[in-house]
Amino acid sequence: MCDRSGDCSNEGTCQLVLRNERTGMEMVEYHCKAHLVVRVWEAEQDETLDVVDAKKLYQ
């Protein structure tokens, strides 16, 4: 299920791993492909977040 909206098309689930530069903590989010692209763009605009990994999860 997508973290953005349970009503999205969910063309497969993708996992996004982000790291907070201030704390060093990593967080994992799950998105459909479309929302993953948006979230990666948002993370790149945020000076405190680094994208560690983004991949499609296969079932």
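The values are calculated or read from the model by the stated rules, or taken from the named source; none is laboratory data. From a predicted model like this one, the values you see are computed outputs, not experimental measurements. Cβ: placed from backbone, ideal geometry, glycine included. Neighbour counts: every protein chain shown. We work out accessible area using only protein heavy atoms, side chains counted, and drop any ligands, DNA or RNA first. Shrake-Rupley method; radii C 1.70, N 1.55, O 1.52, S 1.80 Å.
Details
- Residues of the range 32-59 that turn out to be charged (D, E, K, R) and open to solvent by 90 Å² or more (accessible area, probe 1.4 Å), as a count: 3
- Long-range neighbours under 6 Å by Cβ, at least six apart or interchain, first residue closer than 11 Å to GLN15 by Cβ within the range 28-43, second assigned to a helix (DSSP H, G or I) and open to solvent by 30 Å² or more (accessible area, probe 1.4 Å): HIS31/ARG39
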